[in-house]
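Asks: The structure is given below, and queries will be raised subsequently.
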Amino acid sequence: MTARLEHAMNAFPIREDAVVLGLLSLTLGLLFYTRSLGGAWARFYTFVPIVLLCYLIPSLMNSFGIITVEGSRLWTVATNYFLPASLILLTLSIDLKAVMGLGPKALIMFFTATAGIVLGGPVAVALVALVSPEAVAGEGPDAVWRGLATIAGSWIGGGANQTAMLEIFQYSPEKYGAMVAVDIVVANIWMALLLYGAGNPEVLDRWLRADTRVIDVLRDKMANFSLATSRATTTEDLMKLAAIAMGGVGLAHGLAGLFSALALRSPVLQHSILSNGFFWVVVAATTVGLGLSFTRLRNLEGAGASKIGTVFIFLLVAVIGTRMDLFQVVEQPMLFVVGVVWMLFHTVLLFVVAKLIRAPFFFIAIGSKANVGGAASAPVVAAAFHPSLAPVGVLLAVLGYALGTYGAIACAQLMRLVAPV
């Protein structure tokens, strides 16, 4: 009996990608099944949005050692396949004119989010230095502000910008892991809060006195188009959608390889975001979907294009959740305090500006995630409001990639000025 128990205990954490993906899929299926039961479950999901649980449960599985993503390729699969496929299917029936008609408030909130990261870094360093100066001090390659610059690169742009900051400021590789932990955990806690807000944005919109008419018009227009084209789905329809999604993913990766290779040959562009393959995958996939939205193929929305795209989005949500280990906080407590103060400054600035211009919570959420998360999570948060809004998150995330390096350099210099020696 003891041998069996030991064998069972040794089965954890689950490491095999196929088993982990199966467990995540079962979790998603169970959550959606319980929501379909109505009654008490319907009341439960009114207060706890299902998208939050799809994200939080996998993160708890990782934190409590049920699964591990160390050495896993699930993140690669999710970002290289699930994400571009969802972008193509969700943009297939989009009304681009209506998206562009959302007005200037979306851009205002995006740039406010960027400013919140650039200014929040030095504010956090200065405040923590008053309590624990050694936590944000250091000299040479060990200077903490150099490591925090990599977080700024990640939070304004993405992984490529983060790597660029590591190269530019030459932070100690031995200590870099702690910065990655702060980046992932703080950003993912913030994402969990945004997903919770996305489940019931009306409360925040009332407090903000926001004008949500443009968002409501786009959402209703997409919903009406889906109803107008709805029909019994055939095998032929599903094969067309598979061809569009997977063929588009292949095309996106092919173009990404070509454009990134061209950029790498240029002395001017080889260290820019234009040399990053993932950047071009996102741009190409979005462009393919938008291009097809001007053809008769957009009528495949009636066969369930956005529904299948949403399935990919939820799989992506679950995989993102596995990347957060809440117990990492105890390893570098003061660094996490810096990250939390930094994110609080970013958040407060967003809400102050939104209140002043009466911007809806949707613009706060996508403006923030287009910076803190980029193309991997901005469409996830946008789709949590409505699947038709996912492209808005993508378009702003691409802008974040472009600004990431410049904003992070500015933030790093400000942190260097206020950091204790």
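Laboratory data are not the source of any read-out in this text; all were calculated from the coordinates shown. Owing to the predicted nature of the structure, the values given are computational and were not obtained by experimental measurement. We place every Cβ from the backbone using ideal geometry, glycine too, and count neighbours over all the protein chains shown.
Asks: Could you list which residues have their amide H under 5 Å from that of residue 67, counting only those 5 or more apart in sequence or on another chain, with H placed in the peptide plane?
Replies: Placed amide hydrogens put 14, 62 under 5 Å from residue 67.
Asks: Less than 15 Å apart at the alpha-carbon level, and either on another chain or at least 8 residues along: which aspartates and glutamates does that give for residue 355?
Replies: 202, 205, 211
Asks: In terms of the ratio Rg/(2.2 N^0.38 Å) built on C-alpha atoms, what value belongs to the chain?
Replies: So the chain has a normalised radius of gyration of 0.99.
Asks: Sticking with this one: Residue-wise, which Karplus ³J(HN,Hα) couplings in Hz belong to the range 226-234, taking 6.51 cos²θ - 1.76 cosθ + 1.60, θ = phi - 60°, and x for glycine or proline?
Replies: Result, ordered by residue: 4, 5, 5, 9, 4, 7, 5, 6, 9 Hz.
Asks: Simple spin-label model, 7 Å along Cα-to-Cβ: residue 352 to residue 180 in nm?
Replies: 3.5 nm
Asks: Stretched out fully, how many nm does the piece from residue 417 to residue 97 gain, at 0.36 nm a residue minus the Cα gap?
Replies: Contour length minus the Cα-Cα distance gives 110.7 nm.
Asks: Give me the extension gain from residue 239 to residue 14: residue separation times 0.36 nm, minus the current Cα-Cα distance, reported in nm with one decimal.
Replies: 77.6 nm
Asks: Could you sort the peptides 388-394, 351-357, 290-296, 413-419 by per-residue average Cβ neighbour count (10 Å cutoff), highest mean leading?
Replies: Going from most to least packed, we get 388-394, 413-419, 351-357, 290-296.
Asks: If I stretch the segment between residue 258 and residue 203 completely, what's the gain in nm (0.36 nm per residue apart, minus their alpha carbon distance), one decimal?
Replies: 15.2 nm
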